[in-house]
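Have a look at the structure below before the remarks.
The values are calculated or read from the model by the stated rules, or taken from the named source; none is laboratory data. No experiment lies behind these values; they were computed from the predicted model shown. Don't worry about glycine lacking a Cβ; one is built from the backbone with ideal geometry, like all the others, and counts go over all protein chains shown. Remember, those area values only see protein heavy atoms, side chains included, never the ligands or the DNA or RNA. Shrake-Rupley method; radii C 1.70, N 1.55, O 1.52, S 1.80 Å.
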Amino acid sequence: MTDPQKVLAERVQQALASAFGAEHADADPLIRPSQFADFQANVAMSLGKRLRRAPREVAEAIKAELSDFPGTVEVSGPGFLNITLDDSWIASQATEMFEDQRTGVTEIAPAQTVVIDYSAPNAAKEMHVGHLRTTIVGDCLARVHEHLGNHVIRQNHLGDWGTPFGMLIEHLLDIGEEAAVAQLEAGQGTEYYQAARAKFDSDEDFKQRSRVRVTTLQSGDPETMRLWHVFMDATVRYFNKVYEMLGVTLTDADIAGESMYNPMLEKTCQDLEAAGVATISEGALCVFPPGFTGSDDKPLPLIVRKSDGGYGYASTDMAAIRYRVHDLKADRILYVVGADQALHFRMVFAAAKMAGWLPDTVSAEHIQIGMMLGKDGRRFKTRSGESVKLTELLNEAVERASAAIADRGYDQATREEIAHAVGMGAVKYADLSVNHDSEYVFDFDRMLGFTGNTGPYVQYATARIRSIFRRAGRSPEDVTGPIVLDAPAERALGLHLLGFGETVAQVAALSEPHRLCAFVFETASLFSTFFEECPVIKEGVDPETSERRLALCALTLRVLETGLDLLGVPVPERM
């Protein structure tokens, strides 16, 4: 089975070569869905100018080369090609898709090694809403690439090293390991940090102890390292609770924090300096990638070693990119990080290319994550101006979802299960349905709605299909097909489903999960129309019609469930 839009593009390009010569075979056919037909090809408008011929004349020549096409081709207006596919062709492709275990999704060949850097909370503080988008988007991309057969290496680049850990470890000693672990595991990292910071600012003895502790930490002192591990293990256990609640696929094996690269930093700087890529400027070791200037029009430095000998984010990121290319053998590296870091990553990538650490055969991409806003259009915060704790936001989503289904007669255990799936699904889907580099307004009322482009709406479509099979006393896996598309609503749904594989491929190629959200939402909408207009097991529907409609239901269910799973959105059996 093949995506109709892709088939049309190839056929129109073949027609262009036949009609006007091979030099025009690579022209974009400009295939778009149309309200006047299934698709419209607009290439004659642009090609007419190049050929100095009337677009309609060009369109007629293309049409003549499509005489054996499985459908109808008509020239409209000044030179548009309106293309309508044969119902039988759509049905045969849908049946092929129905019989395909991968439901039309083709694995990438050859497979790539894709390193995805995402989530990356700061171990010194609580996970807040700012980590939600990087975690959700990164996890979706990891799922999609794995589904396409790529080797995915997740990298959770925790902020787990640096000067704050001196005071954090000293505070742990002051309050006792047991109390510190209990506080950190309870998700009170921000309160822990604030208490340590307050002592650091007001207690000279504590400040001095903290500074000494930084030195012993950096030197690898065994007792200091033991205390650091006590702190980190408790913090990671809390992070894992959040990941489990969200249903993301990160594990402890994926942790690759700043501490991991610490032993590499000195050699990173030495190698950059020895290669002449980095030079000393005002006491600091800097790389000056070409094309980057500050407001004073002077070259902008990427500081890989500070004038006091310390290292910063650039040092770690340069070590990381070399490790990911050289040791992990990455073909693509995706950095799912806030949009405010765009300049930093452009400079890091440029510096890595200068050093020869990022060859042209490896793609390093910053997947920019836009800011989450409140209903007031400002950065999403509490009324007191603090960052919203992620667990509090997620718990509220579940509570609201539970209230929304309270009158549906479920027992307590079932209600809790559905509420968790709907709450997490609503939060994740709302985030993923917006282009990742765009800002979006966090609005519980909208995202938990059962109408419109929301997680609950799409989840409900899967539950509705499941209920059809329960009423029929059948299992979706037992239906055999074939798929026949007689009614307009059947045809529209069948035609749309054929685009699933290409949509998944585009999500991977472009790192744009919102394309998959748009596809599953349109699938749910078209199924709703089909459900209203084409009874499946209603009295008066003959067995043959019922069977072929059950096959279309089964295919739709697989597409929805696969699509939602790739998004990381849970699918409840009932709603």
* Point-charge dipole on Cβ atoms (K/R +1, D/E -1) for the chain, about Cα centre, debye to 20 -> 840 debye
* Apply the Karplus parameterisation 6.51 cos²θ - 1.76 cosθ + 1.60, with θ equal to phi minus 60°, to every residue of the stretch 471-479 and state each ³J(HN,Hα) to the nearest whole Hz, in sequence, with x for glycine and proline. => 5, 7, x, 10, 10, x, 6, 8, 6
* Structure fact -> Taking the dipole of the chain about the Cα centre (Lys, Arg +1; Asp, Glu -1; charges at Cβ), the one of P55, Y118, V427 that reaches farthest to the positive side is P55
* To do: Output the antiparallel fraction of DSSP beta bridges having both residues in the chain, as a percent to the nearest 5.
  => 55 percent
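Quick check for you: with a 1.4 Å probe and neighbouring chains kept, what is the accessible area per residue of the stretch 473-575, in Å²? Let's see the in-between values first.
Working: 3940 Å² over 103 residues.
On a per-residue basis, the stretch 473-575 sits at 38 Å².
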* Structure fact -> Checked against the positive end of the charge dipole of the chain (+1 on Cβ of Lys and Arg, -1 on Cβ of Asp and Glu, about the Cα centre), the farthest of V236, W89, P301 is P301
* Asked: Which value, in debye to the nearest 20, describes the size of the charge dipole of the stretch 236-295 about its Cα centre when Lys and Arg Cβ atoms bear +1, Asp and Glu Cβ atoms bear -1, and nothing else is charged?
  -> 160 debye
* Mind listing the long-range amide H neighbours of A278? Cut-off is under 5 Å, sequence gap 5 or more, other chains count too, H placed in the peptide plane at 1.01 Å from N. => E273
* To do: Calculate the length of the line joining the C-alpha centroid of the stretch 71-124 to that of the stretch 317-349, in whole Å.
  => 29 Å
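Give me Rg over Rh for the stretch 260-329, both radii from the alpha carbons and Rh done the Kirkwood way, two decimal places.
Values: Rg = 12.5 Å, Rh = 12.6 Å.
In the stretch 260-329, Rg relative to Rh is 0.99.
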* Asked: To the nearest 10 square angstrom, what accessible area does T215 show with a 1.4 Å probe?
  -> 90 Å²
* How big is the stretch 464-575 by Rg and Dmax over its Cα atoms, in Å? -> 14.3, 47
* Structure fact -> Going residue by residue through the stretch 207-218, the Karplus relation 6.51 cos²θ - 1.76 cosθ + 1.60 with θ = phi - 60° gives ³J(HN,Hα) values, rounded to whole Hz and with x marking Gly or Pro, of 4, 5, 4, 5, 5, 5, 5, 4, 5, 5, 5, 5
* Semi-axis lengths, Å, the stretch 250-405, gyration tensor of Cα atoms, sqrt of 5 times eigenvalues -> 36, 20, 15
* Asked: Out of I321, C553, V248, whose Cα points farthest toward the positive end of the dipole of the chain (charges: +1 Lys, Arg; -1 Asp, Glu; placed on Cβ)?
  -> I321
* Counting all C-alpha pairs of the stretch 28-172, share separated by more than 21 Å (%) -> 68 percent
* With 10 Å bins from zero, work out the P(r) of the stretch 183-323 over every alpha carbon pair and list the percent per bin. => 10, 26, 31, 24, 8
* To do: Evaluate the relative contact order of the stretch 335-481 (contact order divided by residue number), counting alpha-carbon pairs under 8 angstrom at least 6 apart; express in whole percent.
  => 21 percent
* Structure fact -> What the Cα atoms of the stretch 183-248 span along the principal axes, largest first and in whole Å, is 43, 28, 14
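Kindly flag which residue pairs out of K207/K306; K6/K63; K267/K353; K306/K389; K125/K306 have an alpha-carbon separation exceeding 26 Å in this structure.
Numbers: K207/K306 22 Å; K6/K63 18 Å; K267/K353 17 Å; K306/K389 33 Å; K125/K306 24 Å.
Violating the 26 Å Cα-Cα cut-off are K306/K389.
Starting from the residue with the highest accessible area, list H171, H326 in decreasing order, probe 1.4 Å.
H326, H171
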* Asked: For the stretch 468-524 and the stretch 20-56, what is the separation of their C-alpha centers, rounded to whole Å?
  -> 29 Å
* How large is ³J(HN,Hα) for each residue in the stretch 428-436, as worked out from phi by the Karplus curve 6.51 cos²θ - 1.76 cosθ + 1.60 (θ = phi - 60°), to whole Hz, x for Gly and Pro? -> 5, 5, 4, 5, 6, 6, 9, 3, 4
* Asked: Accessible area per residue of the stretch 391-468 at 1.4 Å probe, in Å²?
  -> 40 Å²
* Once you put a point 7 Å from the Cα of D327 and another 7 Å from the Cα of E439, both along the Cβ direction, what distance in nm separates them? -> 3.9 nm
* To do: Would you compute the Debye intensity of the chain from its alpha-carbon atoms alone, equal scatterers and no solvent, and pass along log10 I(q)/I(0) at q = 0.05, 0.09, 0.12 Å⁻¹ to two decimals?
  => -0.28, -0.84, -1.24
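If you average 1/r over every pair of different alpha-carbon atoms in the stretch 108-261 and take one over that average, what Kirkwood value in Å do you get?
Details: mean 1/r = 0.0603 Å⁻¹.
Kirkwood radius, the stretch 108-261: 16.6 Å.
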* For H151, list long-range residues whose amide hydrogen, built 1.01 Å from N in the peptide plane, is under 5 Å from its own amide hydrogen. => Q112, T113, V114
* Asked: Ignoring ligands, DNA and RNA, what percent of the 1.4 Å accessible area of the chain is carbon and sulfur?
  -> 49 percent
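For the chain, what is the calculated [θ] at 222 nm in deg cm²/dmol (nearest 500), taking -39500 (n - 2.57) for each run of four or more DSSP H residues and dividing by its residue count?
Details: 22 runs with 308 residues, N = 575.
Estimated from H runs of four or more residues: -17500 deg cm²/dmol.
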* Round to the nearest 10 and give me the degree value, 0 to 90, for the angle of helix 488-497's Cα axis relative to the longest principal axis of the chain. => 40 degrees
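Compute, for the stretch 242-393, the length of the dipole vector about the Cα centre, with Cβ point charges of +1 (Lys, Arg) and -1 (Asp, Glu) only. Units Debye, rounded to 20. Could the numbers behind the result be given before it?
Values: 16 positive and 20 negative charges, 75 e Å.
The calculation lands at about 360 debye.
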* Ranked packing of 539-551, 243-255, 290-302, 503-515, most packed first, by mean Cβ within 10 Å -> 503-515, 243-255, 539-551, 290-302
* Asked: Just how much of E177 is accessible, in Å², when a 1.4 Å probe is used and the result is rounded to the nearest 10?
  -> 70 Å²
* Asked: So how far, in whole Å, is the C-alpha centre of the stretch 218-274 from the one of the stretch 539-566?
  -> 47 Å
